[in-house]
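The values are calculated or read from the model by the stated rules, or taken from the named source; none is laboratory data. This one's a predicted model, so the numbers in the text were calculated from it and none came from an experiment. Backbone-built Cβ (ideal geometry, glycine too); neighbour counts: all protein chains shown.
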Amino acid sequence: MKNSALKWLTTVPVAVALAFSLAACGGAATDSGSAKPTDALAGSDQVSLDKYTTADVVPLDKIDKAALGLVTAGTISVGTLSDAPPNIFLKDGVFTGYDNELLRAMGEKLGLKVEFKSTDFSALLAQVENKQFDVGSSSISTTDARRKNVGFTNGYDFGYMAVVAKTDSAIKGFADLKADTRIAVVTGTVQDDYVSNTLKIEPVRFADYNTAYANLKNGQVDAWVAPSQQATGQVKDGDGTTIAEEVVNTQNFTAYAVNSENKALTDALNSALDAVIADGTWSKLTKEWYPTRPMPEDWTPGSKAVTVPKA
């Protein structure tokens, strides 16, 4: 894997939009309530996350599993993706990846089965809000705009973006993306919003990460703006491509999506998340799936009451 500049930016809050209707039909994701475009790479300090991170959680032994409003009693039905390693993907017919394995561990803490089904990201949040799934697992950036339409757990990871280009390309980072650059994005993502509304460039939209990357490799597009995790999972030696630049954005942590009115399930998942952090499972999985990735020093997962065990 070929990485170049890795930048840590922590300055201005971000509100990135996702409108269900636009995302579903392949249009640009915009926030009609915002007077000006937002910058997904602006970053912020961590104070802005405090209003979304719970002070503590309900004790696991106080959770009433019968009151969680699950689609199927005793089972957490999860919408996820099949093509976005290392976070969410299929291997030998089994859904796996960092996000999904962490959710499995959380389900064990709750004494619930976890059942995964594949969907497109452009439809996922609407499907969770419409109760087709109990949970959405897809390394979802918890933007303010998305919070208008769906609920989220506490954060379990942080988001950052990458520019992927051909190895011999003149594109070496975000600054090289110009009006005539053919930029691949996945429909309805933060990357779609960033290219469309911040860069003011009409991207080439694809339904999934595999197709977006395949079109970069075959020269149909000049660059792919992607979540860094998915770029890491796709780019292989010999592909003739490189991750030209990665930019960390810790303002919008990643979390699991839950129906906005299902507080009982959100509370239960937050409790389970704290439990897998406290017993070292979160640290173990993070090291397993991201063995070389640095963690922002001022970011921690879960509620404000949990402590990440020291290695």
| Can you spot a residue in the stretch 234-251 that is in contact with an Asp or Glu (Cβ under 9 Å, 6 or more places away or on another chain) and at pLDDT below 90? | yes
| query | In the stretch 161-196, how many residues are of a type in the set (Phe, Trp, Tyr) and surrounded by fewer than 23 Cβ atoms within 10 Å (Cβ to Cβ)? | reply | 1
| task | Looking only at the stretch 197-213, decide whether some residue is among the small types (Gly, Ala, Ser) and over 18 Å from Ala123 (Cα atoms). | result | no
| request: Report the residue count in the stretch 70-86 for those that are at pLDDT 95 or above and assigned to a loop (DSSP other than H, G, I, E, B). | output: 4
| field | Residues (surrounded by fewer than 24 Cβ atoms within 10 Å (Cβ to Cβ) and modelled with pLDDT under 95) located in the stretch 212-226 | value | none
| Of Ile243, Ile277, which residue is crowded, with 18+ Cβ neighbours inside 10 Å and more than 30 Å from Leu177 (Cβ to Cβ)? | Ile277
| note | Apart from one, (1) β-branched (Val, Ile, Thr); (2) in the same structural domain as Thr189 (by TED's automatic domain parsing); (3) out of contact with any helix residue (DSSP H, G or I) (no Cβ under 7 Å at 6 or more places or on another chain); (4) touching a residue at least 40 places away in the same chain (Cβ under 8 Å) all hold for Thr211; the odd one out is (4)
| task | Give Val247, Val235 a once-over and let me know the one that is over 25 Å from Asn149 (Cβ atoms), of a type in the set (A, V, I, L, M, F, W, C) and under 15 Å from the mean Cα position of the chain (by Cα). | result | Val247
| query | Mind checking whether some residue in the stretch 163-185 is under 30 Å from Thr54 (Cα atoms) and not hydroxyl-bearing (Ser, Thr, Tyr)? | reply | no
| task | Determine, yes or no, whether Thr72 is surrounded by fewer than 21 Cβ atoms within 10 Å (Cβ to Cβ), under 18 Å from Trp282 (Cα atoms) and not hydrophobic (A, V, I, L, M, F, W, C). | result | no
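For every residue, the table says whether it meets (1) assigned to a loop (DSSP other than H, G, I, E, B); (2) in the same structural domain as Tyr209 (by TED's automatic domain parsing).
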{"position": "Ser137", "(1), (2)": "no, no"}
{"position": "Ile140", "(1), (2)": "no, no"}
{"position": "Val164", "(1), (2)": "no, yes"}
{"position": "Ala175", "(1), (2)": "no, yes"}
{"position": "Lys178", "(1), (2)": "yes, yes"}
{"position": "Gly188", "(1), (2)": "yes, yes"}
| Tabulated pairs, the stretch 289-311, first free of Cβ contacts under 8 Å to residues at least 40 places away in the same chain, second among the small types (Gly, Ala, Ser) and assigned to a loop (DSSP other than H, G, I, E, B), C-beta under 6 angstrom, 6+ apart or interchain | Pro309/Gly280
| remark: When restricted to Phe133, Phe89, the only residue assigned to a loop (DSSP other than H, G, I, E, B) and outside the structural domain of Val186 (by TED's automatic domain parsing) is Phe133
| field | Out of Gly173, Gly151, Gly111, sole residue that is of a type outside the set (Asp, Glu), under 30 Å from Asp64 (Cβ atoms) and over 17 Å from the mean Cα position of the chain (by Cα) | value | Gly111
| task | For the stretch 95-116, name all the residues that are in contact (Cβ under 8 Å) with a residue 24 or more places away in the chain, touching a strand residue (DSSP E or B) at 6+ places or on another chain (Cβ under 6 Å) and either in a helix (DSSP H, G or I) or surrounded by fewer than 19 Cβ atoms within 10 Å (Cβ to Cβ) (or both). | result | Asp99, Asn100, Leu103, Gly107, Lys113, Glu115
| field | Condition met for Gly136 (modelled with pLDDT of 95 or more, within 13 Å of the chain's Cα centre (by Cα), more than 18 Å from Val190 (Cβ to Cβ) and buried (at least 19 other Cβ atoms within 10 Å of the Cβ)) | value | no
